[in-house]
Amino acid sequence: MTMSVKFSKSSKYISRYPEVAFGLSLVSGCQNFLNPPGFDQHKRKLLRKMRRRETLAQITERIEIYDRFFESFGFECPLPKHLKRTVYSGFPRYNLMLDAHFMAEMCAGILVAVIDFDRCDGKLTLGLAEEGELCRGIGQRDLLTTEGEIVLRDEKEIVCILCQGPDEKTRVREDTRNVLFYSYAVPGIEEQYVKEGLTIAAETVSEFGQGTIEGVEIF
């Protein structure tokens, strides 16, 4: 499947991380329901699968790789705390699109972000930041980059800093209809897990949000 998402990696990124995967999945025409019929059962099914001893051990191992990568830039990775909470309390409940993103992260042991695709300005580029670039984070927080941080940009500005989080502009809302999930691998994370996580997110939103999967692509 081909998506209508224009995406590229910068030459600096490719030079620094030549074998590191990045994935995108667009689901169009969906609705961001709070708790659609059958969704709780779907969550419980995935949770049981994730909590199996062998599966959980592998997920934990991948999350530890992300944790070490974040530490190398001086930031705390959110995934270990999410994993601990999920193991003990289950998946959180916010809305369909946010929940699908958490489920993808925890079931595949990868980092996934979710945005309103219609709020992006033009094509997306995965690159490396200069020192002190500004990103307006969730809740209007000012996020400043350190040199060499991995960032995702649209044609106007940074929409996500890997180690610090996504921006306010593209966050999903109640009226989001075209949702884009994306996933960063880091060195040591194989692309199959990126695809696995994005597939979980896309299939979940498609089934319970009445949307159409435009594709799951790994770059």
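Would you pick out the residues in region 13-49 that are of a type outside the set (A, V, I, L, M, F, W, C), over 18 Å from the mean Cα position of the chain (by Cα) and closer than 20 Å to ILE189 by Cα?
TYR13, SER15, ARG16, TYR17, PRO18, GLU19
Regarding region 22-45, can at least one residue be identified that is charged (D, E, K, R), in contact with a Gly (Cβ under 9 Å, 6 or more places away or on another chain) and surrounded by fewer than 18 Cβ atoms within 10 Å (Cβ to Cβ)? Walk me through it before giving the result.
Of region 22-45, the ones charged (D, E, K, R) are 40, 43-45.
Checking the rest, the ones that are also in contact with a Gly (Cβ under 9 Å, 6 or more places away or on another chain) come to 43-44.
From the residues that got through so far, the ones that are surrounded by fewer than 18 Cβ atoms within 10 Å (Cβ to Cβ) too are 44.
Looking through region 22-45, at least one residue is charged (D, E, K, R), in contact with a Gly (Cβ under 9 Å, 6 or more places away or on another chain) and surrounded by fewer than 18 Cβ atoms within 10 Å (Cβ to Cβ).
Restricting the first residue to region 49-75 and requiring it to be farther than 28 Å from THR146 by Cβ, which pairs with a second residue that is among the hydroxyl-bearing types (Ser, Thr, Tyr) and part of a helix (DSSP H, G or I) meet a Cβ separation below 7 Å and a spacing of at least six or different chains?
The qualifying pairs are LYS49/THR55.
With the requirement that a residue be part of a helix (DSSP H, G or I) and farther than 19 Å from GLY197 by Cβ, what does region 1-39 give you?
Restricting attention to region 1-39, the residues satisfying the condition of being part of a helix (DSSP H, G or I) are 11-16, 39.
SER11, LYS12, TYR13, ILE14, SER15, ARG16 - these are the residues of region 1-39 that are part of a helix (DSSP H, G or I) and farther than 19 Å from GLY197 by Cβ.
I'd like to verify a number: residues in region 84-94 that are part of a helix (DSSP H, G or I) and either over 26 Å from GLU174 (Cα atoms) or touching a His at 6+ places or on another chain (Cβ under 9 Å) (or both), how many? Talk me through it step by step, then tell me what you get.
So the first thing to find is which residues in region 84-94 are part of a helix (DSSP H, G or I), and the list is 84-89.
When the remaining residues are screened for being either over 26 Å from GLU174 (Cα atoms) or touching a His at 6+ places or on another chain (Cβ under 9 Å) (or both), the result is 84, 87-88.
Number satisfying all stated conditions: 3.
Restricting the search to region 190-199, which residues are surrounded by fewer than 22 Cβ atoms within 10 Å (Cβ to Cβ) and either in contact (Cβ under 8 Å) with a residue 24 or more places away in the chain or assigned to a loop (DSSP other than H, G, I, E, B) (or both)? Show your work before the answer.
Pass one, region 190-199, residues surrounded by fewer than 22 Cβ atoms within 10 Å (Cβ to Cβ): 190-193, 195-196, 199.
Passing the criteria: GLU190, GLU191, TYR193, LYS195, GLU196, THR199.
Of everything in region 95-153, what is touching a residue at least 60 places away in the same chain (Cβ under 8 Å), part of a loop (DSSP other than H, G, I, E, B) and more than 12 Å from the chain's Cα centre (by Cα)? Give them in sequence order.
As a first pass, look at region 95-153 and keep what is touching a residue at least 60 places away in the same chain (Cβ under 8 Å): 95-101, 103-105, 107-118, 120, 122-128, 146, 148-150.
Checking the rest, the ones that are also part of a loop (DSSP other than H, G, I, E, B) come to 95, 109-110, 120, 122-123, 146, 148-149.
Within region 95-153, ASN95, CYS120, GLY122, LYS123, THR146, GLY148, GLU149 qualify.
Condition (residue is closer than 14 Å to ALA202 by Cα and either modelled with pLDDT of 95 or more or outside any loop (DSSP other than H, G, I, E, B) (or both)) applied to region 165-177: is it met by at least one residue? Quick ask: steps written out before the conclusion?
Step one: filter region 165-177 for residues closer than 14 Å to ALA202 by Cα, giving 177.
Keeping just the survivors that are either modelled with pLDDT of 95 or more or outside any loop (DSSP other than H, G, I, E, B) (or both) gives 177.
For region 165-177, residues closer than 14 Å to ALA202 by Cα and either modelled with pLDDT of 95 or more or outside any loop (DSSP other than H, G, I, E, B) (or both): present.
Working carefully through the options GLU168, GLU174, GLU149, find the one that is more than 20 Å from SER25 (Cβ to Cβ), surrounded by fewer than 13 Cβ atoms within 10 Å (Cβ to Cβ) and out of contact with any Asp or Glu (no Cβ under 8 Å at 6 or more places or on another chain). Can you show your working first?
Working: GLU168 fails: surrounded by fewer than 13 Cβ atoms within 10 Å (Cβ to Cβ); GLU149 fails: surrounded by fewer than 13 Cβ atoms within 10 Å (Cβ to Cβ).
The match here is GLU174.
Against the definition (more than 21 Å from ASP116 (Cβ to Cβ), of a type in the set (Gly, Ala, Ser) and either out of contact with any helix residue (DSSP H, G or I) (no Cβ under 8 Å at 6 or more places or on another chain) or surrounded by 17 or more Cβ atoms within 10 Å (Cβ to Cβ) (or both)), how does GLY132 come out, yes or no? Even if it seems obvious, please write down each step before you answer.
On the way: more than 21 Å from ASP116 (Cβ to Cβ): yes; of a type in the set (Gly, Ala, Ser): yes; either out of contact with any helix residue (DSSP H, G or I) (no Cβ under 8 Å at 6 or more places or on another chain) or surrounded by 17 or more Cβ atoms within 10 Å (Cβ to Cβ) (or both): yes.
Judged against the criteria, GLY132 is a match.
Quickly run through region 15-59 and pick out the residues that are touching a Leu at 6+ places or on another chain (Cβ under 9 Å) and β-branched (Val, Ile, Thr).
Listed by number, the residues that qualify are VAL27, ILE59.
For region 185-219, what are the residues that are within 27 Å of ILE14 (Cβ to Cβ) and either acidic (Asp, Glu) or touching a Phe, Trp or Tyr at 6+ places or on another chain (Cβ under 6 Å) (or both)?
Narrowing region 185-219 to residues within 27 Å of ILE14 (Cβ to Cβ): 185-199, 201-202, 214-219.
Across region 185-219, the qualifying residues are VAL186, GLU190, GLU191, GLU196, LEU198, ALA201, GLU214, GLU217, PHE219.
The values are calculated or read from the model by the stated rules, or taken from the named source; none is laboratory data. Note that this is a predicted model, so its numbers are computed, not measured. Methodologically, a virtual Cβ is constructed for each residue, glycine included, from the backbone with ideal geometry; neighbour enumeration extends over all protein chains shown.
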